[in-house]
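Scroll down for the structure; my scribbles are underneath it.
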Amino acid sequence: IGGDILKKELWCFNLKEMIMTRCETSIKNIQGMLKWKTHDDYSDAFLNCIFLKGKVAGKNTRILFDSGSRRNFLPKHFGVSPTKTIELERGDIAQALVREKTNVCEDIKLKIGKNNFKLNFIISEEKYPTINTEFLWGKSFVLDYKKKCIYIL
């Protein structure tokens, strides 16, 4: 689901139960809040993107939050050595499905605000780290595009 749909209303996600619901009342039981920035804040950002500020592997950086990504990506220039190699299937509308080996960095520290996580990342050529919703597993959360924040419930 893209930002064009998500930004029209408040949506609550529960990944463990695989439930997405529209928030029709005020948000209750907020445990944390992560503020984000968008293309309005960064000239090199694409439309409807979500950038969080934080630390990955001890380095201050902006972090692309991609709710549709299957994996987390860590730029090669961060200098983190991979801990293992795995085989993945890759492909999209423009490229045929292939199996290829890729390097993984396990248990990399991620800090966003006061929140600490450990995630596995695939080494990439991207400029910024990319994280998916995995760090919110086991929690419900709400995306609020008007206030540019993620509420952790």
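Every listed requirement among (1) under 20 Å from the mean Cα position of the chain (by Cα); (2) within 26 Å of residue 136 (Cβ to Cβ) is met by residue 83 save one, (1). Residue 102: surrounded by 10 or more Cβ atoms within 10 Å (Cβ to Cβ), over 17 Å from the mean Cα position of the chain (by Cα) and over 17 Å from residue 134 (Cβ atoms), yes or no? No.
Would you point out the residue of the range 36-58, among those that are among the charged types (D, E, K, R) and surrounded by 13 or more Cβ atoms within 10 Å (Cβ to Cβ), that is farthest from residue 123 (Cα to Cα)? Can you show your working first?
If we filter the range 36-58 for residues that are among the charged types (D, E, K, R), which is where we start, we get 37, 40-41, 44, 53, 55.
With surrounded by 13 or more Cβ atoms within 10 Å (Cβ to Cβ) added as a condition, the list becomes 37, 53, 55.
On the way: 37: 24, 53: 20, 55: 16 Å.
The residue in question is 37.
Within the range 79-122, the set of residues being closer than 15 Å to residue 59 by Cα, touching a Lys or Arg at 6+ places or on another chain (Cβ under 8 Å) and of a type in the set (Val, Ile, Thr) comprises 108, 112.
I'd like to check something: does the range 20-29 contain any residue that is within 16 Å of the chain's Cα centre (by Cα) and either crowded, with 16+ Cβ neighbours inside 10 Å or assigned to a strand (DSSP E or B) (or both)?
No, because not a single residue in the range 20-29 is within 16 Å of the chain's Cα centre (by Cα) and either crowded, with 16+ Cβ neighbours inside 10 Å or assigned to a strand (DSSP E or B) (or both).
Scanning the range 135-143 turns up no residue that is surrounded by fewer than 18 Cβ atoms within 10 Å (Cβ to Cβ) and over 20 Å from the mean Cα position of the chain (by Cα).
Given the range 30-128, what strands (runs of 3 or more DSSP E) lie entirely inside it while holding 3 or more residues that are touching a residue at least 24 places away in the same chain (Cβ under 8 Å)? Give the derivation first.
Values: elements: 32-35, 51-56, 59-65, 73-75, 84-90, 98-112, 115-124.
Correct list: 32-35, 51-56, 59-65, 73-75, 98-112, 115-124.
Here the condition is being touching a Phe, Trp or Tyr at 6+ places or on another chain (Cβ under 6 Å) and of a type in the set (D, E, K, R); of 62, 90, 71, 99, it holds for 62 alone.
Which of the residues spanning the range 69-120 are hydroxyl-bearing (Ser, Thr, Tyr) and closer than 23 Å to residue 35 by Cβ? Explain how you work it out, then say what you get.
Kept after step one, since they are hydroxyl-bearing (Ser, Thr, Tyr), are these residues of the range 69-120: 69, 81, 83, 85, 102.
The answer is 69, and nothing else.
Since every read-out is calculated from the coordinates, none of them should be taken as a lab result. Computed from a prediction, not measured in an experiment: that's the story for all the values here. Every residue, glycine as well, gets a Cβ built from its backbone with ideal geometry; the counts of neighbours run over all protein chains shown.
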